[in-house]
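The values are calculated or read from the model by the stated rules, or taken from the named source; none is laboratory data. Bear in mind that the values here come from a model prediction, so they are computed numbers and not experimental data. So basically every Cβ, Gly included, is an ideal-geometry build from the backbone, and we count neighbours across all protein chains shown.
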Amino acid sequence: MTPLQTHGGYEYRVVTVDQAVDRSVSGEWDVPEFQRRFIWNPSQVCAIADSLWRGYPIGALLLWQSAPEDGERGQRWWIADGQHRLTALCMLYGREPAWLRRKSDEYRSQMMQRLAVRFYPGIEGSPGFSNTSSEMPAEGPVSIPVEKLMGLDSRDPDYPAELDRIALALTSSANFHCPDRAEIARRLNRVNMIRQQQLAATCVSHEKHDVLEIFQRLNSRGMRFRKLLLKLAMEEIPAAIRGGRLR
């Protein structure tokens, strides 16, 4: 991550969505096994995609740098706040973060299916995101899985042509007048550019009791239960987190 400013025991850093997802999938950033399950509904995952598509901020992450255990090299990072946002971002890629892979196969399969998101580029109505289980047709001819778009590499020389092929397939399948194909390709590109959107992270290296206080102050509205979970997590960090170091 790129350091922005250092203040005593914490730093402000910037990371791209791509980097955040990679580190969540690899386990470089992790959460304890007993941390609460993902409770967002599909519309919230669509909302975070829409916010990034529009260039809106989605809030800062809070990462805690734990001290290394005996015989361990380097230090580890634990997600003190941002688990749901990072899980949602991984869902947009169709990838499983490290903490999800510790769940049962059935739970993981149901979650990946329930939270799959499609992009409607605006051929029949306004552009936007929708979950496959919503009232909008999951296999409609004018939508595309977001994970397919997120899987494209904009640095590939064939990238513009691939976007044009997708735009052509979408516009050709419509039954009435469609927007300009080039405009549809531009909208598809905006989805892919979510990968390069920047996220802010506050990285702290305080003692456990200080991190609890930081978390409480940042989440002062009805967050007693979350504070309790955080306290339990920090007491069990050595056993709960497996690996995970910042690059």
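In the set (1) in contact with a strand residue (DSSP E or B) (Cβ under 8 Å, 6 or more places away or on another chain); (2) at pLDDT 90 or above, residue 95 fails one condition alone, (1). Within the option set 169, 200, being at pLDDT below 95, surrounded by fewer than 18 Cβ atoms within 10 Å (Cβ to Cβ) and assigned by TED's automatic domain parsing to the domain that holds residue 58 holds for one residue only, 200.
Among the residues of segment 74-123, the one identified as on the phi > 0 side of the Ramachandran plot and surrounded by 22 or more Cβ atoms within 10 Å (Cβ to Cβ) is 82.
Looking only at residues in segment 23-32 that are over 10 Å from the mean Cα position of the chain (by Cα) and not hydrophobic (A, V, I, L, M, F, W, C), the one that is surrounded by the fewest Cβ atoms within 10 Å (Cβ to Cβ) is 26.
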